[in-house]
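To keep things clear, I will list the structure first and then write my remarks on it.
The values are calculated or read from the model by the stated rules, or taken from the named source; none is laboratory data. Everything quoted here is computed from the prediction, not taken from an experiment. Ideal geometry is used to build each Cβ from the backbone, glycine not excepted, and the neighbour counts take in all protein chains shown. Accessible surface areas use protein heavy atoms only, side chains included; no ligands, DNA or RNA. Shrake-Rupley method; radii C 1.70, N 1.55, O 1.52, S 1.80 Å.
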Amino acid sequence: MPNLADMLNTALSPEQAQLLSHVAVESARLGARVYLVGGAIRDALLGRPVADLDVTASGGPRFGFALADALGGEVVSSSEFGTHELRADGVAFDLAMARTESYAEPGALPSVRPGSIREDLARRDFTINAMAVEILADSWGDLQDEFGGVEDLRLGLVRTLHGGSFRDDATRIVRAARYAGRYAFQLDDDTARLLARDLRHLDAISGDRVRHELEKVFDEPRAAAILRLLRDWGALRAIHSSLRADDATLALIDDLASEPERGGRAVTLSLFVSSLPAEAAPALERRLNMGADWARVVRDTIALRDVPGRLRRPGLLPSEADDLLRDYDEHTLRAAALAGEDMAADWVRRYLNELRHVRPLLDGNDLLVLGVERGPSVGELLRELRRARQDGHLRTRDDEVAYVRGRLGVN
Ligand code: ATP
Ligand code: MG
């Protein structure tokens, strides 16, 4: 059994390492066996920093609360599957009870009962995620790797643990693409065959679960590579017939990854749906059970396609560009700014960087002092000042005062 102590000590942050030693002491006191599992082990073996800690324990159902107490921490949230999010020593981590799962039908949520750590590893998605190290005070680092995760990491392979894996839970198809894209791994041959066979089971996965997996894809720096895999495997189409990702779109999503300000998943979403047929939008919104944020990005992405023609009108004033763009979601505009190279995209960039921030130097009070009547005319005049500033007619405060006096017929 290889020992991972050195690798783990390098990959864990000092805070994470400190927390795990604390967990080791307290779980021994509570008489439970506790393991670090999944991504932390995988990333330590890959020599990458460990992003988050997933911990599995063999304790009873109340163990999460007992451990949180013993650590002087708290249970931040709990799920119906007996998993908890804990926070202690300034580190958040996920704690699950070791369990075994069975699936009544494809796409159903599993029925779960307590199990051993072996059983818990056997229910996992891929060999590279099915490794564990027991968290012990004096000696730790001994790797449990029954399914050949170390070997698959070395070979660069994503491999399921059994032939029914994608049928049990087709979200694993999206997860497979996420790991393959992220690490530039391949699917093992059998896994590729099973994945192709089981694509249709994506249909049974609820909108919330698919959307959640897509969110995680959009958050990845290599989102474009992952979406390309999903496209080439036919998984995008299997999620919804309207979904595609042409090469031009993927290239833009790839460019976005190198932007210092990536703008989050909503910008990626906007690029992703940039060539969606308008009539497909309502069905896609329903398929992914989109909330208001996503639905707005989708709708605005489609609506914004009609705007460039108007932005290209010769002699368009900045204030008119502001009129055309003001009502669109910011992420959608950022996607459009990234996507275009023509004059219309220049306007979108100018709107984002400059025009939308323009404010008059005078405020409502100043206008009252200058003799503007209290009421709607204050707001109207402020909007006029803003437009005149955007169009370059006003620079100084005196310019604005003179403008207001002019409008009032005073000199
Ligand atoms: P990431 O770096 O993507 O967060 P992770 O391994 O931490 O990787 P999580 O989504 O946090 O991934 O899940 C934690 C662990 O739970 C995984 O390593 C895997 O073992 C298991 N797991 C998560 N989702 C599934 C699933 N759908 N089916 C089986 N096992 C899963
Ligand atoms: Mg994780």
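Residues of region 107-154 that are over 24 Å from Phe166 (Cβ atoms) and part of a loop (DSSP other than H, G, I, E, B): Ser116, Ile135, Leu136, Ala137, Asp138, Ser139, Trp140, Gly141. For the residues Ala170, Ala184, the requirement of being touching a His at 6+ places or on another chain (Cβ under 6 Å), in contact (Cβ under 8 Å) with a residue 40 or more places away in the chain and not assigned by TED's automatic domain parsing to the domain that holds Ala345 singles out Ala170.
For region 279-314, the tally of residues that are in a helix (DSSP H, G or I) and closer than 24 Å to Ala224 by Cβ stands at 17. Which residues, counting only those in region 321-378, are in contact with an Asp or Glu (Cβ under 8 Å, 6 or more places away or on another chain) and open to solvent by 50 Å² or more (accessible area, probe 1.4 Å)? Answer for region 321-378, where residues must be in contact with an Asp or Glu (Cβ under 8 Å, 6 or more places away or on another chain) and open to solvent by 50 Å² or more (accessible area, probe 1.4 Å): Arg356, Leu361.
For region 55-74, name all the residues that are acidic (Asp, Glu) and buried (at least 21 other Cβ atoms within 10 Å of the Cβ). Even if it seems obvious, please write down each step before you answer.
Taking region 55-74 first, the residues acidic (Asp, Glu) are 69, 74.
Those that are acidic (Asp, Glu) and buried (at least 21 other Cβ atoms within 10 Å of the Cβ): none in region 55-74.
Every residue, every condition in (1) over 30 Å from Ala44 (Cα atoms); (2) not β-branched (Val, Ile, Thr), yes or no:
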residue: Arg197; (1), (2): yes, yes
residue: Leu229; (1), (2): no, yes
residue: Ala245; (1), (2): yes, yes
residue: Val267; (1), (2): yes, no
residue: Pro282; (1), (2): yes, yes
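Only residues that are more than 9 Å from ligand 1 (Cβ to nearest atom), part of a helix (DSSP H, G or I) and either open to solvent by 60 Å² or more (accessible area, probe 1.4 Å) or under 22 Å from Ser102 (Cβ atoms) (or both) were counted across region 175-208, and they come to 16.
Looking at the structure I just gave you, is Ala51 assigned by TED's automatic domain parsing to the domain that holds Asp145, within 11 Å of ligand 1 (Cβ to nearest atom), more than 19 Å from Leu143 (Cβ to Cβ) and not aromatic (Phe, Trp, Tyr)? So Ala51 passes the test. Across region 1-54, the qualifying residues are those that are β-branched (Val, Ile, Thr) and surrounded by fewer than 19 Cβ atoms within 10 Å (Cβ to Cβ), and the one among them that is farthest from Ile117 (Cα to Cα) is Thr10. Among the residues of region 1-56, those that are away from ligand 2 (no atom under 14 Å from the Cβ), polar (S, T, N, Q) and assigned to a helix (DSSP H, G or I) comprise Asn9, Thr10, Gln18, Ser21, Ser27. For region 181-224, the set of residues classified as small (Gly, Ala, Ser) and closer than 17 Å to Pro106 by Cβ consists of Ala196, Ala204, Ser206, Gly207, listed by residue number. Within region 119-126, identify whether any single residue is farther than 30 Å from Met7 by Cβ, away from ligand 1 (no atom under 12 Å from the Cβ) and either among the basic types (Lys, Arg) or in the same structural domain as Pro61 (by TED's automatic domain parsing) (or both), and answer yes or no. Within region 119-126, none of the residues are farther than 30 Å from Met7 by Cβ, away from ligand 1 (no atom under 12 Å from the Cβ) and either among the basic types (Lys, Arg) or in the same structural domain as Pro61 (by TED's automatic domain parsing) (or both).
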